[in-house]
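Single-structure report; data block below.
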Amino acid sequence: MATLGPEPRPHSQLTSAVLQTNLPLNRGLERALEDAANSGFLNLSTRKLKEFPRTASNYDLTDTVEADLSKNRLIDIPSEMCHLVSLETLNLYHNCIKSIPDTIISLQSLTCLNISRNQLSVLPACVCGLPLRVLNASNNKLNALPESIGQLTNLMELDVSCNEITALPRHIGQLKALRELNVHRNLLCVLPEDLADLPLVKFDFSCNKVSTIPVCYRKMTQLQSLQLENNPLQSPPAQICMKGKIHIFKYLAMEACHSDKMADALYLPDIDQHKKLDSDSGVGSDNGDKRLSATEPSDEDSLSLNVPMTNITEEEGLSKDDSSGYISTLTGAAHTRKHALTCVDRILKTCEEKHPLTRLTQHYSDTVDSISKVNMINQLKEAVEMLQDPNSCVTVYFRTLKTLESVDPQFTMRRKMEQHREELELIEQLRESIESRLKVVLPEDLGSSLMDGVVLCHLVNHIRPRSVASIHVPSPAVPKLSMAKCRRNVENFLDACRKMGVPEDKLCLPHHILEEKGLIKVGITVQALLDETSVNETLIT
């Protein structure tokens, strides 16, 4: 009898078909686990996982330093991850995680945690007990940050954008290493003044409800990027904010002077000129006058200030001998600020005409030139801050005066040139020490050749074998080490230096090597290592 439709297959054939369908996925998963056991990098991204693979117990993952579980369907952080005590980077981006377990505190090597685009409503205090340098908790449902966030003393980047945070915790000012802060698209109404004391380079508080930028934010001298769009700002007003960071900081400096109750009562005819450096905003002034910004001085303004203070006081009739006469009439001198600024313009113009500075030599580096200018500006800014303090206005002025009188621009430049030459010699000495010991030729860019820590680890092992038990090295398959492995090499090198007797004050920091920003510090460390070992060898012989 004929039947309609395909003939049903036996149960065994169905089972075999299902296994063949899932076989490529299982093979890929097993290969990922096998690679993790060999390389220390676990990549399980975009695999639709709802839980950690059970077959992972068949592999030794204890040395895993980086794990990527992003773009899956995890509802919890797998407990297996909290057992990987060597883990330095954990990426859980784009899952369905609703909570962070307290057992995460066992990851005491974790420096980078990405928990963005999940469903977190609370960031637990246990996270603040980790040695994090980077924390990304953006695109969640957070309404607050833990009060213990100040414990993250190594934190350099914090991203909590696209949440529902209404206020930043008061202890956020304790994050003394913080360089980047992103609170974009939250519900903030007030910015904490403590942020002014942090070395922020990037700050994004756009799309919030902030109406006022604290005046003290003018002290954020390292800030390079400021994002504040889509806020109902009233101070500074919108027309100032649209002109950019420089004008914003000038406005804040002017507001600081306006809030000083003694601004009109205390006036020194020639001393009060420094207030112009911090109070004149220059916003909308297109008349061609040279103006000095308290945050980013121009070359012309900087050069006009490189004049000993004695010359300024003599031009305007204020000397040390008759300064007491001015002090006795301070309280009676009620000159207006407009008159004071007029005096300042006259003084600066006179100084520029009568005391022109010689140009720097062509072969002198722009970096050293900038340092000389910044040092002089910082001294004048100190005078401004002291003059704004009514309790120390007169006393501290003379201390600042003596400091400026002792400045010789030519001597400063000469000293900087000598210092620059000494630094170059130290870098060459570092290169020669490594090349002679390891019998290698390093690339021209010495900093980049040391940043992964491999050469330094080999150096310390050459001096004392097995000082660094395990070194992460590049391979043909992976020609460039991950940042986590580079950091592990660098930290192992520094630990070995400590064990071999190098003093703490001569040890560089990891970022001096990893970020190629401290070759001088690295040279001092290596030289101290060589000196220490040579002393020990002499004692043994």
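The values are calculated or read from the model by the stated rules, or taken from the named source; none is laboratory data. Owing to the predicted nature of the structure, the values given are computational and were not obtained by experimental measurement. Heads up, the Cβs are rebuilt from the backbone with ideal geometry, glycines too, and the neighbour counts pull from every protein chain shown. Heads up: the accessible areas ignore ligands, DNA and RNA and are worked out on the full protein's heavy atoms, side chains in. Shrake-Rupley method; radii C 1.70, N 1.55, O 1.52, S 1.80 Å.
Below are the figures for this structure:
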| item | result |
| --- | --- |
| One residue from Ser109, Ser116, Ser86 being at pLDDT 95 or above and either open to solvent by less than 40 Å² (accessible area, probe 1.4 Å) or within 19 Å of His472 (Cβ to Cβ) (or both) | Ser116 |
| Test for Leu42: is it within 18 Å of Asn114 (Cα to Cα), at pLDDT 90 or above, buried (at least 18 other Cβ atoms within 10 Å of the Cβ) and assigned by the TED database to the domain that holds Met81 | yes |
| Selection within region 465-505 - assigned to a helix (DSSP H, G or I) and open to solvent by less than 20 Å² (accessible area, probe 1.4 Å) | Ala484, Cys486, Asn489, Val490, Phe493, Leu494, Ala496, Cys497 |
| Scan of region 78-112 for residues that are within 21 Å of Lys48 (Cα to Cα) and acidic (Asp, Glu), ordered by number | Glu80 |
| Meets criteria (touching a Lys or Arg at 6+ places or on another chain (Cβ under 9 Å) and either over 24 Å from Leu514 (Cβ atoms) or not assigned by the TED database to the domain that holds Tyr93 (or both)) for Asn118 | yes |
| Checklist (1) free of Cβ contacts under 8 Å to residues at least 60 places away in the same chain; (2) under 29 Å from the mean Cα position of the chain (by Cα) applied to Ser448, failing item | (1) |
| Near pairs, Cβ below 8 angstrom, 6+ apart or cross-chain, from region 106-129 (at positive phi) to any residue that is open to solvent by less than 30 Å² (accessible area, probe 1.4 Å) and part of a loop (DSSP other than H, G, I, E, B) | Arg117/Asn95; Arg117/Ser138; Arg117/Asn140 |
| Which numbered condition Thr89 fails, given (1) touching a residue at least 40 places away in the same chain (Cβ under 8 Å); (2) within 25 Å of Cys207 (Cβ to Cβ) | (2) |
| Filter result for Phe52 (over 26 Å from Leu178 (Cβ atoms) and within 28 Å of the chain's Cα centre (by Cα)) | no |
| Residue within region 487-495 that is modelled with pLDDT of 90 or more and basic (Lys, Arg) present | yes |
| Test set (1) at pLDDT 95 or above; (2) in contact with a Pro (Cβ under 6 Å, 6 or more places away or on another chain) - Leu158 fails condition number | (2) |
| Those residues of region 511-527 which are surrounded by 19 or more Cβ atoms within 10 Å (Cβ to Cβ) and without any contact (Cβ under 8 Å) to a residue 60 or more places away in the chain, in sequence order | His512, Thr525 |
| Whichever residue in region 223-274 is closer than 29 Å to Val183 by Cβ, at pLDDT below 90 and charged (D, E, K, R) and, among such residues, is farthest from the chain's Cα centre (by Cα) | Glu255 |
| Every residue from region 91-106 that is open to solvent by less than 20 Å² (accessible area, probe 1.4 Å) and in contact with a helix residue (DSSP H, G or I) (Cβ under 7 Å, 6 or more places away or on another chain) | Ile100, Ile104 |
